[in-house]
1. For the stretch A:223-236, which positions are within 12 Å of A:L62 (Cβ to Cβ) and within 9 Å of chain B (Cβ to nearest Cβ)?
2. If you check A:P43 against the conditions, is it exposed (fewer than 13 other Cβ atoms within 10 Å of the Cβ) and either in a loop (DSSP other than H, G, I, E, B) or not hydrophobic (A, V, I, L, M, F, W, C) (or both)?
3. All but one of (1) under 16 Å from the mean Cα position of the chain (by Cα); (2) under 21 Å from B:S93 (Cβ atoms) hold for B:Q286; which doesn't?
4. Just to be sure I understand, how many residues within the stretch A:35-80 are over 16 Å from A:M222 (Cβ atoms), touching a helix residue (DSSP H, G or I) at 6+ places or on another chain (Cβ under 9 Å) and small (G, A, S)?
5. What's the total number of residues in the stretch B:203-229 that are open to solvent by 70 Å² or more (accessible area, probe 1.4 Å), in a helix (DSSP H, G or I) and not aliphatic (A, V, I, L, M)?
6. Kindly indicate whether A:L210 is within 28 Å of B:W20 (Cβ to Cβ), within 11 Å of chain B (Cβ to nearest Cβ) and open to solvent by less than 20 Å² (accessible area, probe 1.4 Å).
7. Given the conditions (1) in the same structural domain as B:L196 (by TED's automatic domain parsing); (2) open to solvent by 10 Å² or more (accessible area, probe 1.4 Å), report the number of the one that B:I291 does not fulfil.
Amino acid sequence: MKMPLSAVIGLFMTGAFLFIALFAQWIAPYPIDSAVGKVWEGPSAQFWLGTDTIGRDILSRLIYGAQVTIFVALVSSLLSFGMGAFFGFLAATRGGWIDTGLSRLVDLMMAVPSLIVALVVLSVLPLNLIVLILVMGVLDSTRVFRLSRAVAVDITVMDYVEAARLRGERQSWIIFREILPNALSPLVAEFGLRFIFAVLFISTLSFLGLGIQPPETDWGGMVRENKDGLIYGKAAALMPAAAIAVLAISVNLVADWVLSRTSSLKGGRGG
Amino acid sequence: MHPIVKLVVQRIALGLILLWAVSVVIFLGVEMLPGDTAQAILGQSATPVALANLREALGLNEPALTRYFNWLFAALQGDLGVALTNGQDIAKSIGSRFGNTLFLAGCAGVIAVPLAIGLGLIAARYNGRWPDKLISGVTLATISLPEFVAAYFVIFVLTQVFPIFQPVSMVFPGMSFWDKLQAVALPVIVLVMVVLAHMMRMTRAAILNVMQSAYIETAVLKGLTPMQVIWRHALPNAIAPIITVVVINLAYLVVGVVVVEVVFSYNALGQYLVDHVAKRDLPVVQAVGIIFAAVYIGLNILADVIGIVTNPRLRNPK
């Protein structure tokens, strides 16, 4: 099957972002936290994207920020996937009170927008990387739970699962060897969407000042640092904003393509 | 009892139970997390005596269940307690801010809903051709932007490139309605952008779904123009799913409003919430969190009820 142009562009851009995030230390022209220029300089040969509110090189901070943003989003979406898929499959294979209990719990968690829940929880917990990843992962796993449960319910009634049960295979065999391989393709497509959601979520939290704390930085935090410049016509805040937008759109293009190839199961954006 | 009334009553009762469960989670669940309110207020360097005194004063030594029920009954009577940081009455602080939030979200809804349905109709009319592709492409781009990113692009374009608006939205009591409208213009534009895409896509999908029916083919064959077919035959049959989507997106607006208020320093509920999360003022966060949850759950119930009431199969039972 021929890849559409949009998917090629999306894959290329996503790959480029991953490369930058992986090798940030070697690519960035200046250190992350040293004021190398004057405040809010425009783009020049020395500072390609200009300097920020206290004279740090924006390009370098963008590159280091890519590392934090992509790392946090990736780990939390992996966590949400692991948890959501495991409990979803468990609910589908065991049925009964485990299924009812887990499903009602997820209904309860999804009854309130994730951002509101996150804000309530983060008002108590310490703000560090591990807490952020856990909170985002757990909140987002509800959506994966619903999808993987729906997919797995269809699979558990298949003859080969029945056969495995009659052979006397254990629960973990049925989940990992029978259901998982057959549920993989819709889940992979969903992963792209969850990853974007995690990028937007961590950026929003950091923008609100409740995400990544200085001296570490991410794109949402950079928008926050430089937002006051906009009033004086300094476009510094737009650079990280554009980075978020381009990353989200690139991954979206890839996810759309995978989705159109596999199935019509698509998780909503949701609160 | 008419089955439709029964369904509606059931749905509302379910929503109220859900809201109660959410209040339990927001209160007791948060209590269980590691963290100490007294420590949070006084900081790490607090002396043990000061901590004990503050715990006593805040009633933190009582069992959590007792405190939950005290809080719940007070909240039901409109008493949400006082803020830890400045000792002000929370219900009073929320009152005026809630009005501001509703004003902002309401303006956005009034503009976004007709616009989304109109664009959805056009996209469905020219399905697969350039107007459809243009509308779908642009909305796909806005769907993948977080609210604050969209907001800063709008600010930059409309205050710097074309200086039409002020970048800050101040509303204060005593402003005339017209002045208020002007003050919220920018945040409203941003909110419309954020919710438009989803509503428009679902409208388009709902119409295209109906377009498969046999009676649409009849309408086409008897010589109606495409717009007449959509307007007279497709839209009335797609109206129930469209209304449901519209209401769900209005609920989504509740979340969007939090971030947008912070961007524009708009003095309303979302800004109040975020400020007090940063200050770790738990009573305020819990109260505002419950209000947002209640609005969200309420709108979702409304969507379901409209879905039930507009469904002709349920309205005329066999």
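1. Result: A:V223, single match.
2. Values: exposed (fewer than 13 other Cβ atoms within 10 Å of the Cβ): no; either in a loop (DSSP other than H, G, I, E, B) or not hydrophobic (A, V, I, L, M, F, W, C) (or both): yes.
In short, no.
3. (1)
4. Qualifying residue count for the region: 4.
5. Number satisfying all stated conditions: 5.
6. Numbers: within 28 Å of B:W20 (Cβ to Cβ): yes; within 11 Å of chain B (Cβ to nearest Cβ): yes; open to solvent by less than 20 Å² (accessible area, probe 1.4 Å): yes.
Taking the combined requirement at face value, the residue satisfies it.
7. Evaluating B:I291 over (1) in the same structural domain as B:L196 (by TED's automatic domain parsing); (2) open to solvent by 10 Å² or more (accessible area, probe 1.4 Å) leaves (1) as the failure.
Residue by residue, here is whether (1) within 14 Å of chain A (Cβ to nearest Cβ); (2) among the small types (G, A, S); (3) under 19 Å from the mean Cα position of the chain (by Cα) holds:
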position	(1), (2), (3)
B:R204	no, no, no
B:I207	no, no, no
B:V245	yes, no, yes
B:V255	yes, no, yes
B:V258	yes, no, yes
B:V263	yes, no, yes
B:D281	yes, no, no
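The values are calculated or read from the model by the stated rules, or taken from the named source; none is laboratory data. Computed from a prediction, not measured in an experiment: that's the story for all the values here. Ideal geometry is used to build each Cβ from the backbone, glycine not excepted, and the neighbour counts take in all protein chains shown. Just so you know, the surface numbers come from the protein's heavy atoms only, side chains and all, with ligands and any DNA or RNA stripped out. Shrake-Rupley method; radii C 1.70, N 1.55, O 1.52, S 1.80 Å.
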